[in-house]
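Notes follow the structure.
The values are calculated or read from the model by the stated rules, or taken from the named source; none is laboratory data. In this text, all values refer to a predicted model and were calculated from it rather than measured experimentally. Here the Cβ positions follow ideal geometry from the backbone for every residue, glycine too, while neighbour counts run over all protein chains shown. Each accessible area value is taken on the protein alone, full model and side chains, heavy atoms only, with ligands, DNA and RNA left out. Shrake-Rupley method; radii C 1.70, N 1.55, O 1.52, S 1.80 Å.
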Amino acid sequence: MSRLPVIVGFGGYNAAGRSSFHHAFRRTVIESLPPAERQETLAGLAVLMKLVRVENDTYLDAAGQVLTAADIEQRFAEQILDGTLVRRIEKRHLDVDAAHWHKTLPVGVDAAQPLSFITLAKQLPEPLPAGWSVEPLAGNEVRVNIAADCELKVDSYRPLAVKSAGQLPTGFEPGEQYNSRFHPRGLQMSIVAAADALHSTGLSWQHILEHIEPDQVAVFSSSIMSQLDEFSFGGMMQSRLKGHRVSAKQLALGLNSMPADFVNAYVLGSVGSTGAVTGACASFLYNLQKGIEMIGSGRARVVLVGASEAPITQECIEGYGAMSALATEEGLRHIEGRDDVDFRRASRPFSHNCGFTLAESGQFFMLMDDELALQLGADIHGAVPDVFVSADGFKKSISAPGPGNYLTMAKSVYSAMQILGPEVVRQRSFVHAHGSSTPANRVTESQLIDEVAAAFGIEELPVAAVKAFVGHSLASASADQLASALGTFKYQILPGIKTIDHIAPDVHREHLRFSITDVPRSDNPLEVCFINSKGFGGNNASAVVLGPQPVERMLRKRYGAERFADYEIRRAETRKAAMAYEQRALKGQLDVIYNFGNDMIDESEIQLDAEQMRIPGFSQPLVFKKDERFSDMLD
């Protein structure tokens, strides 16, 4: 009997807002929500974006006037909607109309009339360039005479070709939520996202630890690009060229394992397994695969899986732009046939498009084995029985798509049919496509999904593409997809690809169904989703995600009606605790966990014998497991 990895909590932040309690999903289907839920999400975003403040549980505007949720919608809805999802890059990241660079200026010098300037002696380069002579002056100054041709580097500014990105809601800064001094933006997002996911469970972390051994916890999270802002690798690599010193933190905080390391050290205080698996744009699914394998094997009972990426830097934009991978202003102008580009429609999956749109996002999901979830009364949002990963074989272009995705998608559909039966998959499944918004992807991904659907007798497989709303967050991209899929299970709304007005003629869709408007599915509820991800280098991954409805049926069968009824009683209390956090978060109280140097373990107090270890701060001992794996090979 295999343990089922169930999702008991999730949270994070992307261009659509806060993921927990489906608010980011709600933003993507805001037009299809009932008034009360629409206004609640808008009010939460208004607080997050500092458009309104909260005092004594009351919304107030800048003048101190009391506001209702309906007032917030009436006054701020347009501003909230404009300040979320994909949009023109804001100046808090960089000025895309005046990006800083250095221009090389060749200077010809007449030896009879050398160039001359005065500077401090300590600022002289070492050694002196050819043709330079120095005269000491009063104090610490010198006069420099240049009698030979030279090159000067001078500050210059130019517009970037790429001007759109999926950015966190305007006004929301994750580093303002805790003492984030010198933390790169990607790690700031890791801290606030992990805390959001933890609180969303309605279970205190200490309560969970009381029911498991210290090493039955695991954390898997990573970023593709590492951390590249001034507080990490970016600053380290730029420092000498800018005449600055490298700091002691820039290298360490730049590592791509830090989205996991920070969570262990400052949020959970975990001594369990940890890792940072990377597979280009499929990285989150690679980490998710590791997490469900740990639960399925019994090596972990609780796993926090996530990813965090903050790639909206000039260097990332220039790098991907040089590969012709990103949607440029000129490319969008050509597609739309007009001069005034709508940057909100830059990401255009499965339509005429010209490249993907970079985005920032930090997302985490808490998984438990099904038995522990029932024991604790955890609220179950879905389950992930399988994640499949395949490479592409020999390649000519490292960035080109390949055959590996056929393997992962076909295995996923077959797996779901084995678990739920063919008819459920044929009638109640959907795909969250990679949908990167490149001309190559719209053809190759639609073709492979269409052929897989045909092979398994699926006549109309619905396709969603969340990148249309939040952009491509690289390592976090499939985490954005998973959060959106959980929203569809909750509300039975399949988000339409609303940044496009048609499907491109070269898209394969004999067995696929695309929609440019939201599709209600309450009459035929969706129960299983295939999360698909394609990454540079031949990194392909597809996940099978079961909705809460089939998971409940499965748990009732495994544990029986009486035990499941007992679980429902405990779950009601868990939901009440989770909703208390939700109400605080809506009012701006995010309860970010940042335990810097708190409750550190005194290694001298570890108790160790031949059977077990006792670690300070953990109520359960770590019991060494009997190893019978090779018993047939030993005397």
**Prompt:** Rounded to the nearest 0.05, what FRET efficiency do Lys50 and Glu315 have when you use their Cβ-Cβ distance and R0 = 25 Å?
**Reply:** 0.30
**Prompt:** Contour minus end-to-end for Asp627 and Ile398, with contour as 0.36 nm per residue of separation and end-to-end as the Cα-Cα distance?
**Reply:** 78.3 nm
**Request:** Calculate how steeply helix 404-420 sits against the longest principal axis of the alpha-carbon atoms of the chain, using the helix alpha-carbon long axis, and give the answer as 0 to 90 degrees to the nearest 10.
**Result:** 20
**Asked** Relative to the first principal axis of the alpha-carbon coordinates of the chain, what is the inclination of helix 35-48, with its axis defined by its Cα atoms, in degrees from 0 to 90 and to the nearest 10?
**Response** 40
**Translational diffusion coefficient (Stokes-Einstein; Kirkwood radius from C-alpha pairs) of the stretch 546-635 at 4 °C, 1.567 mPa s, in µm²/s** = 69
**Message:** What does DSSP give for the chain in terms of the percent of beta bridges that are antiparallel, rounded to the nearest 5?
**Reply:** 75
**Message:** What distance in nm lies between label points placed 7 Å from Cα along the C-beta direction at Ser522 and Gln583?
**Reply:** 2.5
**Residues in the stretch 545-587 reached by a label modelled at Arg75 [backbone nitrogen below 18 Å; 7 Å Cα→Cβ]** = 587
**11 Å reach of a label modelled at His211, 7 Å along Cα-to-Cβ, counting backbone N of the stretch 366-382** = 368-379
**Asked** How high is the relative contact order of the chain, in percent, counting Cα pairs under 8 Å that sit 6 or more residues apart?
**Response** 19
**Debye intensity ratio I(q)/I(0), log10, the chain, q values 0.09, 0.12 Å⁻¹ (C-alpha model)** = -0.76, -1.25
**Prompt:** So which trypsin sites (Lys or Arg not before Pro) in the stretch 317-368 end up in coil per DSSP with only 12 or fewer other C-beta atoms within 10 Å?
**Reply:** Arg338
**Fill in**
Probe 1.4 Å, heavy atoms of protein chains only: per residue, the accessible area of the chain in Å² is 44
**Prompt:** Of the listed peptides 352-364, 589-601, what is their order by residue-averaged count of other C-beta atoms within 10 Å, with the highest listed first?
**Reply:** 352-364, 589-601
**Asked** Leaving out ligands, DNA and RNA, what percent of the accessible area of the chain is carbon and sulfur, probe 1.4 Å?
**Response** 52
**Request:** Calculate, in nm to one decimal, what Lys576 and Asp57 gain on full extension: separation in residues at 0.36 nm each, minus their alpha carbon distance.
**Result:** 185.0 nm
**Request:** Can you tell me the FRET efficiency between His102 and Glu37 if r is taken as the Cβ-Cβ distance and R0 is 35 Å, rounded to the nearest 0.05?
**Result:** 0.10
**Item:** Mean Cβ count within 10 Å, highest first, over the residues of peptides 250-258, 221-229
**Value:** 221-229, 250-258
**Prompt:** Are there GluC sites (Glu not before Pro) in the stretch 599-634 that DSSP puts in a loop and that have at most 10 other Cβ atoms within 10 Å, and which ones?
**Reply:** Glu611, Glu628
**Message:** Which trypsin sites (Lys or Arg not before Pro) in the stretch 76-127 sit in a loop by DSSP (not H, G, I, E or B) and have at most 14 other Cβ atoms within 10 Å of their own Cβ?
**Reply:** Lys91, Arg92
**Prompt:** Using 0.36 nm per residue, how much length does the chain from Tyr594 to Asp95 gain when fully extended, once their Cα-Cα distance is taken away?
**Reply:** 176.5 nm
**Request:** Step through the table entries Lys290/Lys411; Lys163/Lys396; Lys91/Lys534; Lys411/Lys626; Lys396/Lys467, compare each Cα-Cα distance with 23 Å, and write down the pairs that go over it.
**Result:** Lys163/Lys396; Lys91/Lys534; Lys411/Lys626; Lys396/Lys467
